[in-house]
Amino acid sequence: MFANIKIGMRLAAGFAVVLLLMAGLAFVGLNGMASVENRLNEITGDNMVKMKYINDMSEAVHVVVRVTRTIVLLKDKDALAVEKRKLDSFRQKYNDTFAALEKTSASEKGKAIRANIKALAAEARGHTDKVLEFDALGKEEEAVAYLISTAAPAAQKWQDAMEENLMLQEENTKNDVAAAQSAYESARTLMLSLAAAAIFLGVVIAWFLTISVTKPLALAVETAN
């Protein structure tokens, strides 16, 4: 059956097989690179952004706690006004950053942590306001006592919740890195396998086509002689 196929058709079929193998090799390579790229985008465009938000929120809370302590100790009205403006500024910065964080995607665990952060933030801010109220009324001792016994521990719980969220993002980043590495290894293995198969089949096809062409020619020459 194959002997009845014209030489041109045989060559075309052989090249078609090789080209298909090359196309498959290119597809596997591109697909593997796309998978790795998606994981890297997940790391740089999502996880790292969330981690920055959380760090900014934590820093804002730290500043608010520090400013609250300063307000309790200050006597000068102008200095107090400056510190209160700073407190309001960092509270607003926290609000804006948390709003940006909530616009990002989150797992069920991440959503639960965010809800806890929100609840602890409301509680801690209420205690901080209580400290400021004591100070405004001139009750410095009560303000210091409430700050130490209640407001500061509440702020620490708030910070702990943000730290938990940060650890979750770090875990997600590690998982994405591992997934990217796995995708790379799988794509490389498959590409090497297809390359080996393409080389082997290319050699076989070249040999078969050569025999299928030269053998009839040799027979024709022998017959003519």
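The values are calculated or read from the model by the stated rules, or taken from the named source; none is laboratory data. The model shown is predicted, which means the values in this text are computed figures rather than measured ones. Cβ sites come from the backbone with ideal geometry, for glycine too, and all protein chains shown count toward neighbours. Heavy atoms of the whole protein, side chains included, go into the accessibility calculation; ligands, DNA and RNA do not. Shrake-Rupley method; radii C 1.70, N 1.55, O 1.52, S 1.80 Å.
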Note to self: What pairs come out if I take residues in the stretch 43-61 that are open to solvent by 30 Å² or more (accessible area, probe 1.4 Å) and at pLDDT 90 or above and pair them with residues that are part of a helix (DSSP H, G or I) and among the small types (G, A, S) whose C-beta lies under 7 Å away, six or more apart or interchain?
What the structure shows: Y53/A100
Next item on the list: Report yes if some residue within the stretch 209-219 is within 30 Å of L30 (Cβ to Cβ) and either open to solvent by less than 90 Å² (accessible area, probe 1.4 Å) or assigned to a helix (DSSP H, G or I) (or both); otherwise report no.
Entry: yes
Note to self: Pairs please, first residue from the stretch 168-186 and closer than 19 Å to E108 by Cβ, second anywhere and open to solvent by less than 50 Å² (accessible area, probe 1.4 Å) and of a type in the set (D, E), Cβ atoms under 9 Å, 6+ apart in sequence or on different chains.
What the structure shows: Q169/D46; N172/D46; D176/D46
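Taking the condition at pLDDT 75 or above and over 15 Å from M22 (Cα atoms), does A218 pass?
It is false that A218 is at pLDDT 75 or above and over 15 Å from M22 (Cα atoms).
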Item checked: One residue from A143, A161, A180, A100 being closer than 23 Å to A81 by Cβ, assigned to a helix (DSSP H, G or I), among the small types (G, A, S) and in contact with a helix residue (DSSP H, G or I) (Cβ under 7 Å, 6 or more places away or on another chain) -> A143
Next item on the list: Confirm whether G126 is at pLDDT 75 or above and not in a helix (DSSP H, G or I).
Entry: no
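Only residues that are aliphatic (A, V, I, L, M) and more than 25 Å from A12 (Cα to Cα): list them for the stretch 176-220, please.
Hits for the stretch 176-220 are V177, A178, A179, A180, A183, A187, L190, L192.
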Notebook entry, point to check: For I148, which of the numbered conditions (1) open to solvent by less than 90 Å² (accessible area, probe 1.4 Å); (2) part of a helix (DSSP H, G or I); (3) among the aliphatic types (A, V, I, L, M) fails to hold?
Noted result: (1)
Next item on the list: Please state which one of A119, A178, A136 is at pLDDT 95 or above, open to solvent by 40 Å² or more (accessible area, probe 1.4 Å) and of a type in the set (G, A, S).
Entry: A119
Notebook entry, point to check: Can you spot a residue in the stretch 191-207 that is among the small types (G, A, S), surrounded by fewer than 15 Cβ atoms within 10 Å (Cβ to Cβ) and free of Cβ contacts under 8 Å to residues at least 24 places away in the same chain?
Noted result: yes
